[in-house]
1. Considering only region 99-115, I want to know if a residue exists there that is farther than 13 Å from A179 by Cα and in contact with a Pro (Cβ under 7 Å, 6 or more places away or on another chain).
2. What's the total number of residues in region 140-159 that are under 16 Å from P119 (Cα atoms) and among the hydroxyl-bearing types (S, T, Y)?
3. Tell me whether region 123-144 contains one or more residues that are under 20 Å from R26 (Cα atoms) and in contact with a helix residue (DSSP H, G or I) (Cβ under 9 Å, 6 or more places away or on another chain).
4. Among the residues of region 175-189, which ones are touching a helix residue (DSSP H, G or I) at 6+ places or on another chain (Cβ under 9 Å) and either of a type outside the set (A, V, I, L, M, F, W, C) or modelled with pLDDT of 95 or more (or both)?
5. Determine whether L82 is more than 24 Å from F39 (Cβ to Cβ), within 17 Å of the chain's Cα centre (by Cα) and modelled with pLDDT of 95 or more.
6. For region 119-141, how many residues meet the condition of being assigned to a loop (DSSP other than H, G, I, E, B) and in contact with a Ser or Thr (Cβ under 7 Å, 6 or more places away or on another chain)?
7. Go through region 82-102 and give me each residue that's in contact with a Ser or Thr (Cβ under 8 Å, 6 or more places away or on another chain), in a loop (DSSP other than H, G, I, E, B) and free of Cβ contacts under 8 Å to residues at least 60 places away in the same chain.
8. Checking the conditions here, which among F61, F105, F39 is outside any helix (DSSP H, G or I), surrounded by fewer than 16 Cβ atoms within 10 Å (Cβ to Cβ) and either touching a strand residue (DSSP E or B) at 6+ places or on another chain (Cβ under 9 Å) or at pLDDT 90 or above (or both)?
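The values are calculated or read from the model by the stated rules, or taken from the named source; none is laboratory data. This one's a predicted model, so the numbers in the text were calculated from it and none came from an experiment. Note that we place each Cβ from the backbone using ideal geometry, even for glycine, and neighbour counts take in every protein chain shown.
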Amino acid sequence: MLRIILFFFFLSVSVFSQNIDIDILRNINLNRNEQLDGFLKHVSNSAGPVAFGLPVVMFGFSYLMKDTLTRKRSLYIGASVLTAAVITNILKYSIDRTRPFDTYFYIEKMTGGGSPSFPSGHTSDAFSLATALTIVYPKWYVIVPAYAWAVTVGYSRIALGVHYPSDVFAGALIGAGSAYLCFIGQQWLQKKHIQKKKIIKN
């Protein structure tokens, strides 16, 4: 699984040459429906608060209701989002890619974007949450809105002029990959815990 994630991550860097990247960005950014700018800003700004806030709310609810299963799920979702954020920020400051609006004067910057460009942190947050939610709640009425929101967050970062498509693509891979890796890690820890209990009983 890790090899697959790394393969697609480096594919995202190589497939999007700078020319293709800026061509796609320019077409989306300059030809966007400006009436949707307000909506896209709200969706974009929701990424962090929703991704980090939802597991906190879930944990609080589980504590009040003494719901062990929801508590475990909230911890897993929180770990997925945090893992994605750590990986994203390490890559951001290691690669240190300049934002498109700083390089190309014609790109219209319509929302905040201060840290290095690659990968997109908002997209990483959104996809880690969406993927983690669909793993613990594999129902269509969770999957569809979760990924619709995550995709819209990613699109908003391009349309609003603060990220290249490759930034967003890489952010989506990191977010989804972090959720899967944390799920595998959680399963491994549970297996070890069960084995330890068996040893103690015997």
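1. yes
2. 2
3. For region 123-144, residues under 20 Å from R26 (Cα atoms) and in contact with a helix residue (DSSP H, G or I) (Cβ under 9 Å, 6 or more places away or on another chain): present.
4. Of everything in region 175-189, those that are touching a helix residue (DSSP H, G or I) at 6+ places or on another chain (Cβ under 9 Å) and either of a type outside the set (A, V, I, L, M, F, W, C) or modelled with pLDDT of 95 or more (or both) turn out to be G175, A176, G177, S178, A179, Y180, G185, Q186.
5. Criteria met by L82.
6. 1
7. Residue satisfying the conditions is T98 alone.
8. On the way: F61 fails: outside any helix (DSSP H, G or I); F39 fails: outside any helix (DSSP H, G or I).
Answer to the check: F105.
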